[in-house]
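The values are calculated or read from the model by the stated rules, or taken from the named source; none is laboratory data. Just so it is clear, the structure is predicted and the values come from calculations on it, not from any experiment. No Cβ is skipped: glycine too gets one built from the backbone with ideal geometry, and neighbour counts run over all protein chains shown. Note: areas computed on protein heavy atoms with side chains; ligands, DNA, RNA excluded. Shrake-Rupley method; radii C 1.70, N 1.55, O 1.52, S 1.80 Å.
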2 protein chains.
Amino acid sequence: MEQTSQLTQQEKEKYMAEAIAEAKIAESKGEVPIGAVIVYKGEVIARGHNIRETTKDATTHAELLAIQDACKKVDNWRLEECQLFVTLEPCPMCSGAIILGRLSEVYFGAMDPKAGTCGSLMNLLADDRFNHQPYLESGILEAECGELLTHFFKELRARNKKRKADGVE
Amino acid sequence: MEQTSQLTQQEKEKYMAEAIAEAKIAESKGEVPIGAVIVYKGEVIARGHNIRETTKDATTHAELLAIQDACKKVDNWRLEECQLFVTLEPCPMCSGAIILGRLSEVYFGAMDPKAGTCGSLMNLLADDRFNHQPYLESGILEAECGELLTHFFKELRARNKKRKADGVE
């Protein structure tokens with residue numbers, strides 16, 4: 001695993017802000033607000049946001065879509081010089097896709113204590129039994145990334161409560 | 001986790017033979033021969049085979065493609081009554097997609113001691129910290145599934161050796 005980041009704190013926050021912008025697009029579609037971008041040589045080359053309810057496809061997480069987009073852009077399944085920024089700690093599927101795509105650096109915002117596998121439940125990205133371990137850093141714009149989710153689920157609960165009270169459900 | 005399979009041994013082998021047929025399609029394209037099918041109410045509704053070199057997309061594993069196909073077919077990200085058959089033990093990405101898609105049963109052929117996460121390096125599908133645990137069974141037509149891979153890599157090594165001897169590389 002690389003022990004140091006190739007980026008300044010200012011750069012990390014700039015790119016995470018782009019991932020947050022993606023999360024906000026998800027929110028505007030009524031989707032859980034999670035966003036991701038992939039950076040290659042200082043440029044955002046791929047983007048993704050969670051669209052599971054829209055696509056009705058369990059695999060359409062922000063990171064997976066961004067990785068698929070990046071593979072197209074660099075015309076290679078190896079994303080060895082790429083940096084992933086994602087607002088929430090990746091799940092097993094997305095952690096696995098990061099390993100398969102051999103991304104060099106991964107930065108995330110908020111922890112996911114329920115399904116996160118980059119430090120919460122386990123750390124797949126640091127497991128040297130797999131053939132790739134990226135540099136990993138958490139907590140970039142953590143409060144803002146987490147607040148997006150907290151706000152979304154609070155609103156959702158309020159809507160569901162109102163629906164029940166109105167006798168819709 | 002469900003403790004018993006919903007299928008007879010004959011049915012399991014019939015569906016695994018369909019996954020093997022998918023693996024052979026991958027092989028015919030020069031791809032590592034891994035195949036998968038998804039069964040819903042006794043019918044194969046989705047198929048996938050590894051096409052990573054063709055697509056240049058790190059995420060195009062047999063299981064992930066089959067899961068995406070199945071979500072389209074049932075028009076739902078929840079594949080709760082679906083059974084996955086795959087020739088090789090799933091990796092972290094595909095194990096994660098199985099959990100996210102909530103597939104009810106998973107059957108695989110050969111173990112993958114290098115990257116398998118359904119019993120080899122760990123067992124993500126049996127980890128009750130995630131919100132879904134499918135029924136899991138390994139060893140279905142194991143020899144045939146494994147032989148496909150052994151043969152493929154033997155041929156690949158022979159070709160590479162010949163290329164070196166010919167001075168192509």
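Close amide H pairs (under 5 Å, H built 1.01 Å from N) link B:A46 with B:I38, residues at least 5 positions away or on another chain.
Derived scalar couplings between HN and Hα for region A:47-58 equal 9, x, 9, 4, 9, 4, 6, 5, 7, 6, 10, 4 Hz in order, rounded to whole Hz, by the Karplus curve 6.51 cos²θ - 1.76 cosθ + 1.60 (θ = phi - 60°), x for Gly and Pro. Taking all protein chains into account, the per residue accessible area for the protein assembly as shown stands at 46 Å² (1.4 Å probe). A Förster radius of 41 Å, combined with the Cβ-Cβ distance separating A:T55 from B:R163, puts the computed FRET efficiency at roughly 0.45.
Shown here: region B:1-77, whose C-alpha atoms stretch 37, 28, 22 Å along the first, second and third principal axes, sorted largest to smallest. Using a probe radius of 1.4 angstrom, the carbon and sulfur fraction of the accessible surface of chain A is 49%. Distances between copies of B:G167, taken at a point 7 Å out from Cα along the Cα→Cβ vector and listed shortest first: 9.0 nm. Of the cross-linked pairs A:K41/B:K72; A:K56/B:K56; A:K154/B:K114; A:K14/B:K29; B:K24/B:K73; A:K73/B:K114, those separated by over 32 Å at the C-alpha level are A:K41/B:K72; A:K154/B:K114; A:K14/B:K29.
When the inverse distances between all different Cα atoms of the protein assembly as shown are averaged and flipped, the Kirkwood radius reads 20.7 angstrom. Placing a pseudo-label 7 Å from each Cα along the Cα-to-Cβ vector at B:A143 and B:K41 gives an inter-label distance of 3.8 nm. Based on DSSP H segments of at least four residues, each scored -39500 (n - 2.57), chain A has a per-residue ellipticity at 222 nm of -14000 deg cm²/dmol. Most simply put, region A:9-164 has about 55% antiparallel DSSP beta bridges, counting only bridges with both residues inside it.
Extending 7 Å from Cα along the Cβ direction at A:D128 and again at A:R78 yields two label points whose distance is 2.2 nm.
Under 5 Å between amide hydrogens, built in the peptide plane, is the criterion, and for A:G35 it picks out A:A23, A:T87, A:L88 among residues at least 5 positions away or on other chains. Surface burial for A against B, with a 1.4 Å probe and both sides summed, reaches about 2600 Å² of accessible area.
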